[in-house]
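Participant: Here you go, one structure.
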Amino acid sequence: MLNLAIQKSGRLNEVSLDFIEKCGISLPKNKISLRAEAYNFPLQVLFLRDDDIPACVFNGVADVGIVGENEVAEKGENVEIIKKLGFSKCRLSLAVPKDFHYENLHSLNGVRIATSYPHILRNFLEKSNINAQIYEISGSVEIAPSVGLAEVIFDIVSSGSTLMTNGLREIKPAVMESEAVLIAQRNLSAEKRNLLDKFCFRMDALLTAKSFKYIMFNFPNNNLDKITKIIPGMKSPTVVPLDLEGWSALHSVVEENLFWTKIDALKEAGAEDMVILPIEKMIK
Ligand code: PRT
Ligand code: ZN
């Protein structure tokens, strides 16, 4: 049995549960329980505070965990980052009040910086040769300047609207980019490694599928060569004749980013009636 720690409640809870479910693993829907055993995969989910997940994975209470990279970096536990999961993206940034005279990082010498991430901040300040005082608080960091606790803050930013509402300006570039990651204990038994590999195989099918799209469109037969050069497909595209003489439909799987760079060329080559669909799982 593989023990997986996820956040009990908060921003990572639902997205982690959703991710597990999309891997084809069903859990009981009981919200009160602190652990849940999957029906159709040897997996037990433990519900913890996100701050506790890196240590619990390090000391073996859980074998693996889903947590923000920011939390892994802050706690500094010696765990293995298995893969980035593509959700809960955010950044850790310094921010100053709008009227703060900021020229460069050296403007931060001598100020007080409020944060819930003192370890990451300390490393950054040392590396940048800045001598500032770190004021650790566990929440509501963005109000610290207005209540006189600190001049500057260091916190998680996503859309930036919290900073804006509190009259703060983000200092770019961010100190750290973060997203949810799967972490693992370094000394898993062979049996647990094997289960982890199976779990990762499902995750990869999901993560790969996210960046690809299934596309279909109609085109005149005499442009087939042109079109297949533009859209190569996984092996080669599927071409099906239409009832309308001289026309065919092409089905293929393409990387979404690539698709947008090719759309004009496809139209020029006579592509019409395009349909673009999301893919749920993809195994290459
Ligand atoms: O109770 P527990 O300790 O488990 O949870 P928590 O309160 O410590 O964490 P939680 O649930 O708030 O966040 C969990 C994880 O979600 C974080 O560690 C990040 O990895 C990730 N994440 C992604 C975020 C955000 N986006 C985010 N926007 N965590 C927090 N925020 C907050 C931020 O602190 C700030 O107050 O949202 C505000 C900024 O958002 P914008 O959109 O206004 O910029
Ligand atoms: Zn937390």
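The values are calculated or read from the model by the stated rules, or taken from the named source; none is laboratory data. What you are looking at is a predicted structure, and each value in this text was computed from that prediction instead of being measured. Cβ sites come from the backbone with ideal geometry, for glycine too, and all protein chains shown count toward neighbours. Ligands, DNA and RNA are stripped out before the accessible areas are found, and what is left, the full protein with its side chains, is counted by its heavy atoms. Shrake-Rupley method; radii C 1.70, N 1.55, O 1.52, S 1.80 Å.
Participant: Within the stretch 60-102, count every residue that is away from ligand 2 (no atom under 16 Å from the Cβ) and without any contact (Cβ under 8 Å) to a residue 60 or more places away in the chain.
Facilitator: 3
Participant: Within the stretch 1-14, restricting attention to residues that are in contact with a Leu (Cβ under 9 Å, 6 or more places away or on another chain) and more than 11 Å from ligand 2 (Cβ to nearest atom), which residue is modelled with the lowest pLDDT? Walk me through it before giving the result.
Facilitator: Keep residues of the stretch 1-14 that are in contact with a Leu (Cβ under 9 Å, 6 or more places away or on another chain), which gives 1-8.
Pick out the ones that are also more than 11 Å from ligand 2 (Cβ to nearest atom) and you get 1-6.
Values: Met1: 95, Leu2: 98, Asn3: 98, Leu4: 98, Ala5: 98, Ile6: 98.
The selected residue is Met1.
Participant: So for the stretch 197-217 (the condition being at pLDDT 95 or above and either among the β-branched types (Val, Ile, Thr) or open to solvent by 100 Å² or more (accessible area, probe 1.4 Å) (or both)), does at least one residue qualify?
Facilitator: yes
Participant: Only residues that are outside any helix (DSSP H, G or I), away from ligand 1 (no atom under 16 Å from the Cβ) and either polar (S, T, N, Q) or in contact (Cβ under 8 Å) with a residue 40 or more places away in the chain (or both): list them for the stretch 113-156, please.
Facilitator: Ser128, Asn129, Asn131, Gln133, Glu151
Results for (1) open to solvent by less than 20 Å² (accessible area, probe 1.4 Å); (2) of a type in the set (Phe, Trp, Tyr); (3) part of a strand (DSSP E or B), shown as yes or no for each residue.
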{"residue": "Asn3", "(1), (2), (3)": "no, no, yes"}
{"residue": "Ile6", "(1), (2), (3)": "yes, no, yes"}
{"residue": "Val15", "(1), (2), (3)": "no, no, no"}
{"residue": "Asp51", "(1), (2), (3)": "no, no, no"}
{"residue": "Ala62", "(1), (2), (3)": "yes, no, no"}
{"residue": "Asn78", "(1), (2), (3)": "no, no, no"}
{"residue": "Leu94", "(1), (2), (3)": "yes, no, yes"}
{"residue": "Ser107", "(1), (2), (3)": "no, no, no"}
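Participant: Taking Lys29, is it of a type outside the set (Asp, Glu), open to solvent by 20 Å² or more (accessible area, probe 1.4 Å), under 17 Å from Ser88 (Cα atoms) and outside the structural domain of Asn123 (by TED's automatic domain parsing)?
Facilitator: Numbers: of a type outside the set (Asp, Glu): yes; open to solvent by 20 Å² or more (accessible area, probe 1.4 Å): yes; under 17 Å from Ser88 (Cα atoms): no; outside the structural domain of Asn123 (by TED's automatic domain parsing): yes.
Taking the combined requirement at face value, the residue does not satisfy it.
Participant: Please enumerate the residues belonging to the stretch 245-261 that are crowded, with 16+ Cβ neighbours inside 10 Å and more than 14 Å from Leu224 (Cβ to Cβ).
Facilitator: Val253, Val254, Phe259, listed by residue number.
Participant: Is it the case that the stretch 145-154 has a residue that's within 16 Å of ligand 2 (Cβ to nearest atom), of a type in the set (Asp, Glu) and either assigned by TED's automatic domain parsing to the domain that holds Leu108 or at pLDDT below 95 (or both)? Before you say what the answer is, go through the steps one by one.
Facilitator: Within the stretch 145-154, the first condition is being within 16 Å of ligand 2 (Cβ to nearest atom), and the residues that meet it are 154.
Still in the running and of a type in the set (Asp, Glu): none.
No, the stretch 145-154 contains no residue that is within 16 Å of ligand 2 (Cβ to nearest atom), of a type in the set (Asp, Glu) and either assigned by TED's automatic domain parsing to the domain that holds Leu108 or at pLDDT below 95 (or both).
Participant: Against the conditions (1) more than 24 Å from Leu12 (Cα to Cα); (2) touching a residue at least 60 places away in the same chain (Cβ under 8 Å); (3) polar (S, T, N, Q), where does Asn166 fall short? Just the number, please.
Facilitator: Condition (2) is where Asn166 drops out.
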